[in-house]
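Colleague: Here's a structure for you.
The values are calculated or read from the model by the stated rules, or taken from the named source; none is laboratory data. Not measured: the values here are computed from a predicted model. Here Cβ is always computed from backbone atoms with ideal geometry, including for glycine, and neighbour counts include all displayed protein chains. Keep in mind that these areas ignore ligands, DNA and RNA; they rest on the heavy atoms of the full protein, side chains included. Shrake-Rupley method; radii C 1.70, N 1.55, O 1.52, S 1.80 Å.
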Amino acid sequence: MQRQAYNQPPAHSPPLHHPVPQHVSTVPQLRSPPPPQPPSQPQSGYGYAGQQGVPAQGGGGYGSTMQPPFGNFMNDPAAQMGLQFGRSAMDAGQHYMEQNLGRYVSVSALKHYFNVSNSYVVSKLSIVLFPWWHKPWSRQQRLSNNGQDGYYLPPREDVNSPDMYIPMMAIVTYILLSTLLAGLRGAFHPELLGYTATLALVVLALELAIIKLGTFLLNITSSSQLLDLIAYSGYKFVGVIISLLLSELLAHLGIGGSWVSWVVFLYVFSANAFFLLRSLRYVLLPDQGQGGVGGSAAGYTVARSQRNKRTQFLFVYSYVVQFGFMLWLSRV
């Protein structure tokens, strides 16, 4: 069986014609939807109008009806009870401290020693380090409203008034400086900070015991005079800090030797002793018409024998006691 052969196409075939549409249709122009708007603002188009006023569901957004995370904390009864309990405990603690501290010292008298200013601190430090040219040394008094009782001015108004701000800051600086210098020398260990703080507190306790014994033997019963002695006992830390700084700096620069450290120490000791000798005269050797803070302006005189004892105590305290304590503190 033979397959029929196909006829060859003609040499010139008719051209192909594409169909032409008879009805023209327009395709709508597409555009992206408008950006979402806050629910509080009106929206238009594309079916968004029906969703106005519907609050956001779930925690996926920060709508206008969403509350802040801690908005109702202060309104919680448990939180209110806790705050009330904390406030009551704080008030009770403050009252307890004032009541027990008031048995030994007056709180209002302590506030007097912390009433300082920046200018007072600068002037007082210059007097402690360079007391040789300072005049006068007498403290200023002011009469009360009745015109009879008088009281000493606070440190802010009188540069000769003792304060407890500089001694307290000097003690803290001494503790930190001693540990810092030990670290620079490679001799730092964790127990050194506690040892230095204990040493400073022991020196203060011993000096306070000496002051208390001296005031008892010399018949000094005024609480304000005792607080003045405690305040003056802390000024030696200023000289000890200067001695430690200059000695370490000169040793690092290779200037001099151990004799330079002794010269610096002897200078700050002499300055502190002279400062105490001139400042404590009104406490241990009061003249007629001197009184304490809040005391009577009509002062008292001291018997001749008692005055000689107080003079000796003032000399021993200013030179002998201070030399031993300052040397002990400088050997850290």
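Colleague: So how many residues does region 96-154 have that are of a type in the set (A, V, I, L, M, F, W, C), open to solvent by 70 Å² or more (accessible area, probe 1.4 Å) and either touching a strand residue (DSSP E or B) at 6+ places or on another chain (Cβ under 7 Å) or at pLDDT 85 or above (or both)?
Modeller: Counting residues in region 96-154 that are of a type in the set (A, V, I, L, M, F, W, C), open to solvent by 70 Å² or more (accessible area, probe 1.4 Å) and either touching a strand residue (DSSP E or B) at 6+ places or on another chain (Cβ under 7 Å) or at pLDDT 85 or above (or both) gives 6.
Colleague: Quick one: TYR174 ticks every box in (1) under 30 Å from TRP133 (Cα atoms); (2) of a type in the set (Phe, Trp, Tyr); (3) open to solvent by 20 Å² or more (accessible area, probe 1.4 Å); (4) out of contact with any Pro (no Cβ under 6 Å at 6 or more places or on another chain) except a single one, so which number is it?
Modeller: Unmet for TYR174, out of (1) under 30 Å from TRP133 (Cα atoms); (2) of a type in the set (Phe, Trp, Tyr); (3) open to solvent by 20 Å² or more (accessible area, probe 1.4 Å); (4) out of contact with any Pro (no Cβ under 6 Å at 6 or more places or on another chain): (3).
Colleague: Here's a follow-up. Among the listed residues VAL260, VAL240, VAL203, VAL268, identify the single one that is more than 22 Å from GLN306 (Cα to Cα), of a type outside the set (Gly, Ala, Ser) and surrounded by fewer than 17 Cβ atoms within 10 Å (Cβ to Cβ).
Modeller: VAL260
Colleague: Could you give every pair whose Cβ atoms fall below 8 Å, whose first residue belongs to region 157-175 and is within 12 Å of PHE114 (Cβ to Cβ), and whose second residue is open to solvent by 20 Å² or more (accessible area, probe 1.4 Å) and among the basic types (Lys, Arg), counting only separations of at least 6 or pairs across chains?
Modeller: The qualifying pairs are SER161/ARG139.
Colleague: Being closer than 27 Å to TYR232 by Cα and either acidic (Asp, Glu) or in contact with a Phe, Trp or Tyr (Cβ under 9 Å, 6 or more places away or on another chain) (or both) is the filter here, so list the residues in region 182-197 that pass it.
Modeller: Scanning region 182-197 gives a single hit, THR196.
Colleague: It is to be established whether one or more residues within region 213-222 are open to solvent by 10 Å² or more (accessible area, probe 1.4 Å), of a type in the set (Gly, Ala, Ser) and over 23 Å from the mean Cα position of the chain (by Cα).
Modeller: So far as region 213-222 goes, yes, one or more of its residues are open to solvent by 10 Å² or more (accessible area, probe 1.4 Å), of a type in the set (Gly, Ala, Ser) and over 23 Å from the mean Cα position of the chain (by Cα).
Colleague: So, GLY289, is that one part of a loop (DSSP other than H, G, I, E, B) and either under 21 Å from PRO136 (Cβ atoms) or at pLDDT 80 or above (or both) or not?
Modeller: Taking the combined requirement at face value, the residue satisfies it.
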